[in-house]
Amino acid sequence: QVQLLESGGGSVQAGGSLTLSCVASGRTFSSYAMGWLRQAPGKERVFVSGISWSGGTATYADSVKGRFTVSRDNAKNTLYLQMNSLKPEDTAVYYCAGARGPFTTGGLDEYIHWGQGIQVTVSS
């Protein structure tokens, strides 16, 4: 049973920064891609960023490109999302997710393991 536990969320003013972390257990962490997805109130869950099994390939939604950086530490079974220059429209519940295979192209159907989600609120 894979477990994903997010931390690091909270409230920040526009222009500020937050770093999300996600610790994984229950499956060989270095064998699968990971991603961050988010869901704003009243909206569908959408892809934010993904990273391949080795960390060698990262992908981003256009809305966060240049502001967010995804990374992973396979020795620590941990995924990160560094979020800079935050905007009110980044307000959402952020989910850590594990993919079925070693790579991800951002499709939601690629993700089979999910964390509980963590709130990020950006005020103007």
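Total residues in the stretch 97-108 satisfying the condition of being open to solvent by 40 Å² or more (accessible area, probe 1.4 Å) and in a loop (DSSP other than H, G, I, E, B): the figure is 4. Of everything in the stretch 30-80 that is part of a strand (DSSP E or B) and among the polar types (S, T, N, Q), the residue that is farthest from residue 107 (Cα to Cα) is 78. Being touching an Asp or Glu at 6+ places or on another chain (Cβ under 9 Å) and among the polar types (S, T, N, Q), is that true of even one residue in the stretch 47-66? Yes, the stretch 47-66 contains at least one residue that is touching an Asp or Glu at 6+ places or on another chain (Cβ under 9 Å) and among the polar types (S, T, N, Q). Taking the listed residues 59, 28, the one that is open to solvent by 70 Å² or more (accessible area, probe 1.4 Å), out of contact with any Pro (no Cβ under 7 Å at 6 or more places or on another chain) and closer than 15 Å to residue 99 by Cα is 28, with no other qualifying. Out of all the residues in the stretch 82-90, is one or more without any contact (Cβ under 8 Å) to a residue 24 or more places away in the chain, open to solvent by less than 60 Å² (accessible area, probe 1.4 Å), more than 18 Å from residue 2 (Cβ to Cβ) and outside any strand (DSSP E or B)? Scanning the stretch 82-90 turns up no residue that is without any contact (Cβ under 8 Å) to a residue 24 or more places away in the chain, open to solvent by less than 60 Å² (accessible area, probe 1.4 Å), more than 18 Å from residue 2 (Cβ to Cβ) and outside any strand (DSSP E or B). Number of residues in the stretch 1-25 that are closer than 23 Å to residue 75 by Cβ, among the hydroxyl-bearing types (Ser, Thr, Tyr) and open to solvent by 30 Å² or more (accessible area, probe 1.4 Å): the value is 3.
When we screen 94, 111 for residues that are crowded, with 17+ Cβ neighbours inside 10 Å, farther than 15 Å from residue 24 by Cα and within 12 Å of the chain's Cα centre (by Cα), the only hit is 94.
The values are calculated or read from the model by the stated rules, or taken from the named source; none is laboratory data. All values derive from a computational prediction rather than experimental measurement. Note: ideal-geometry Cβ built from the backbone for every residue, glycine included; neighbour counts use all protein chains shown. Just the protein is used for accessible areas: all its heavy atoms, side chains included, with ligands, DNA and RNA removed. Shrake-Rupley method; radii C 1.70, N 1.55, O 1.52, S 1.80 Å.
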